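Student: Structure incoming, see below.
The values are calculated or read from the model by the stated rules, or taken from the named source; none is laboratory data. All of these numbers come straight from a predicted model, not from anything done at the bench. Virtual Cβ from ideal backbone geometry, glycine too; neighbours counted across all protein chains shown.
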Amino acid sequence: MSFVWLAWLGTAGAVVGGTADDAADYPAVVLLTSDTPDAPVCSGTLVGPAWVLTAAHCAGLQQVHIGGARAPFRTTRRVAEVRLHPDYAPGVDPFDADEDIALLRLDAPVRGVRPMPLITGAVGPDWVGRSLRLVGFGATRDRGTDDSVRRHALSTVSVVDPLNVRAYTGAANACGGDSGGAALVETGRGSVLVGVLVFAVPGCVGGSTGAARIDRHRAWIRSIVPAASPSRCGCGGPGGGAGLAFVLLALATRRRP
């Protein structure tokens with residue numbers, strides 16, 4: 001089986017099958033880049049004024065670009081501190097990577113962008129079949145190097161396992177550069193963060209997306225970011241609401257036959 005770690009070497013593009021955002025769409029979803037040219041890029045989600053939630057395998061990136069769906073961005077912040085989940089364990093493939101989630105503290109708070117609320121309820125088997133919105137700065141095709149544009153696409157929950165919620169439609173999927181991006185449900189009060197995008201399998205086009213579950217990590221997130229907003233909707237039933245890619249970022253995309 002092949003798979004794609006969603007960090008990407010080169011310029012970020014967008015969710016496969018996605019729609020380009022207006023600058024006002026999903027402003028809490030941000031772009032992560034490196035100081036090193038041609039290094040991997042990732043996505044992330046602002047969950048507090050000075051905190052970004054992303055995939056742990058993206059934690060070596062040093063710059064966070066906020067305030068726009070494409071360059072030039074209104075604001076760029078430096079990463080001042082990295083907090084990996086204490087149980088993060090990189091695996092040979094994304095299915096073996098436990099707790100692939102991290103928090104990045106910025107060098108200064110972000111003004112004018114509302115952090116994304118976190119889901120308050122549990123994600124379970126009853127979620128299969130419901131809509132999940134994928135948002136990120138990743139490529140639009142396998143091995144693509146599109147321009148840096150934030151895109152979003154609607155997918156459908158296909159599997160809920162102890163670590164991840166997976167989504168599949170055949171038309172929309174995450175891709176390289178979307179790692180750390182947002183899996184959202186829409187509610188009457190806006191978008192709510194349900195997962196952190198971490199892998200696509202067997203590839204970008206025609207594949208499915210895996211997102212690390214926020215409900216599994218919510219207590220850890222709020223122990224570091226007390227201001228991380230719970231959503232007003234538990235969203236437990238139908239409805240809607242807001243060295244290496246994983247070690248020093250030496251490799252951004254890995255495949256296995």
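Student: Within region 125-157, how many residues turn out to be part of a strand (DSSP E or B) and at pLDDT 80 or above? I'd like the intermediate steps shown before the answer.
Tutor: At the first step, the residues of region 125-157 found to be part of a strand (DSSP E or B) are 131-136, 149, 151-157.
Next, only the ones that are at pLDDT 80 or above stay: 131-136, 151-157.
Final tally of qualifying residues: 13.
Student: In addition: Hey, CYS204 hits all of (1) modelled with pLDDT of 75 or more; (2) more than 16 Å from TYR26 (Cα to Cα); (3) surrounded by 24 or more Cβ atoms within 10 Å (Cβ to Cβ) but one; which does it fall short on?
Tutor: (1)
Student: Tell me which residues, restricted to region 181-190, are assigned to a strand (DSSP E or B) and surrounded by fewer than 24 Cβ atoms within 10 Å (Cβ to Cβ).
Tutor: Answer for region 181-190, where residues must be assigned to a strand (DSSP E or B) and surrounded by fewer than 24 Cβ atoms within 10 Å (Cβ to Cβ): GLU186, THR187, GLY190.
Student: Another question about this same structure. For region 3-62, which positions are out of contact with any Lys or Arg (no Cβ under 9 Å at 6 or more places or on another chain), among the hydrophobic types (A, V, I, L, M, F, W, C) and at pLDDT 55 or above?
Tutor: ALA24, LEU32, ALA39, VAL41, CYS42, VAL47, LEU53, ALA55, ALA56, CYS58, LEU61 - these are the residues of region 3-62 that are out of contact with any Lys or Arg (no Cβ under 9 Å at 6 or more places or on another chain), among the hydrophobic types (A, V, I, L, M, F, W, C) and at pLDDT 55 or above.
Student: Let me ask you something else. Do we have PRO72 as of a type outside the set (Val, Ile, Thr) and farther than 22 Å from ASP25 by Cα here? So that I can check it myself, show each step before the final result.
Tutor: On the way: of a type outside the set (Val, Ile, Thr): yes; farther than 22 Å from ASP25 by Cα: no.
No: the conditions fail for PRO72.
Student: Of THR54, THR36, THR120, which residue is hydroxyl-bearing (Ser, Thr, Tyr) and surrounded by fewer than 16 Cβ atoms within 10 Å (Cβ to Cβ)?
Tutor: THR36
Student: Report the residue count in region 101-139 for those that are of a type in the set (D, E, K, R) and farther than 17 Å from ALA167 by Cα.
Tutor: Residues meeting the conditions: 4.
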